[in-house]
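Notes follow once the structure below has been shown.
The values are calculated or read from the model by the stated rules, or taken from the named source; none is laboratory data. In this text the structure is predicted, and so the values were computed from the model without any measurement. Please note: Cβ atoms are built from the backbone with ideal geometry, for glycine as well, and neighbour counts cover all protein chains shown. Heavy atoms of the whole protein, side chains included, go into the accessibility calculation; ligands, DNA and RNA do not. Shrake-Rupley method; radii C 1.70, N 1.55, O 1.52, S 1.80 Å.
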Amino acid sequence: MVAAVRGAHFVRAAERTLAVLRAFAPDRPEMTLTEVAEASGLDRAGARRLLLTLIDLGYVHHDGRQYALTPQVLEFGYAYLSSRSLPQIAEPHLRRLTGELREMTAVGVLDGDEVRYVAQVPGPKLLSVSIPVGTRFPAHATSMGKVLLAAMPPEHLDARLRAMELGRITPHTITTREGLLAELAKVRRQGFVISDDELEPGLRGVAAPVRGADGRVVAAVNVSLDARGATEEVVRNEVVPPLVTTAARVEADLRLKPARGS
């Protein structure tokens, strides 16, 4: 095989870093330093420096013997999905849900400590909520953010919450780590969340998770509506079921996508 021609701009440190990340695979999710070095084609000293750097950045975990990728590497997948496939896949389903509920619907992904809207369909009502694609909100104060935080492994969630600033946006915003952890546990139990008045007074957000082909949560589907327009019981009975169905439809299309490109 002819080696690829590298330009003068080529950064070998980046190549070596990617080699370390690519060394991890489904059949070798955890490896010792020696195994990482062998799989990446690096010497032990070089592999160790890169692994320690990736640990500092949050992309690798070390238990004292073996190294493993953390869920933070999924941020690369989020960026790809949000810029390419996810909005196109989700939009027809959002339109259907908006048509049924006559409320704004959206899909968001976790971007650091914030939720970023990557697709949305405005409601037909004159005074319906409208949030543009690309908008970011603090994850702890939004329904989609709670769904995405709740899906994190406990150790990664703990590190994320310790680093997050749980700022008060309204009098109802949860601003304590203990309070947010209790809320996230509730989200995991019921599989959806209803969030009232935490981001804006009078705004109710309802969200459910969207899982990728590997079963991990990659996004959330949301309905935004006037909190005064219906009781929580009505929302549970009339909004949550079609919302969860929509999330399942998006998941099904995400699972089909690789086959279409094969």
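Things worth noting here:
- Sole residue being in contact (Cβ under 8 Å) with a residue 40 or more places away in the chain and among the charged types (D, E, K, R), chosen from Arg228, Arg204, Arg211: Arg211
- Which numbered condition Gly99 misses (of (1) more than 16 Å from the chain's Cα centre (by Cα); (2) crowded, with 18+ Cβ neighbours inside 10 Å; (3) of a type outside the set (D, E, K, R)): (2)
- When each of Val115, Val187, Val107, Val133 is tested for being assigned to a helix (DSSP H, G or I) and of a type in the set (A, V, I, L, M, F, W, C), the lone residue that passes is Val187.
- Qualifying residue in region 200-208 (condition: basic (Lys, Arg), surrounded by 17 or more Cβ atoms within 10 Å (Cβ to Cβ) and under 19 Å from the mean Cα position of the chain (by Cα)): no
- Among the residues of region 186-196, those that are under 17 Å from the mean Cα position of the chain (by Cα) and open to solvent by 30 Å² or more (accessible area, probe 1.4 Å) comprise Arg188, Gly191.
- Residue in region 222-235 that is under 26 Å from Leu86 (Cα atoms), among the small types (Gly, Ala, Ser) and modelled with pLDDT of 95 or more present: no
- Residue in region 243-254 that is in contact (Cβ under 8 Å) with a residue 24 or more places away in the chain and exposed (fewer than 14 other Cβ atoms within 10 Å of the Cβ) present: no
- One residue alone among Leu166, Leu181, Leu110 is aliphatic (A, V, I, L, M), under 17 Å from Pro71 (Cα atoms) and open to solvent by 10 Å² or more (accessible area, probe 1.4 Å), and that residue is Leu110.
- Evaluated against (1) assigned to a loop (DSSP other than H, G, I, E, B); (2) open to solvent by less than 20 Å² (accessible area, probe 1.4 Å), His9 falls short on exactly one condition, (2).
- Residue match in region 141-152 (condition: over 18 Å from Leu243 (Cβ atoms), assigned to a loop (DSSP other than H, G, I, E, B) and either open to solvent by 30 Å² or more (accessible area, probe 1.4 Å) or among the basic types (Lys, Arg) (or both)): no
- Out of Val187, Val118, Val217, one residue alone is over 19 Å from Pro241 (Cβ atoms) and either at pLDDT below 90 or in contact with a helix residue (DSSP H, G or I) (Cβ under 6 Å, 6 or more places away or on another chain) (or both). It is Val118.
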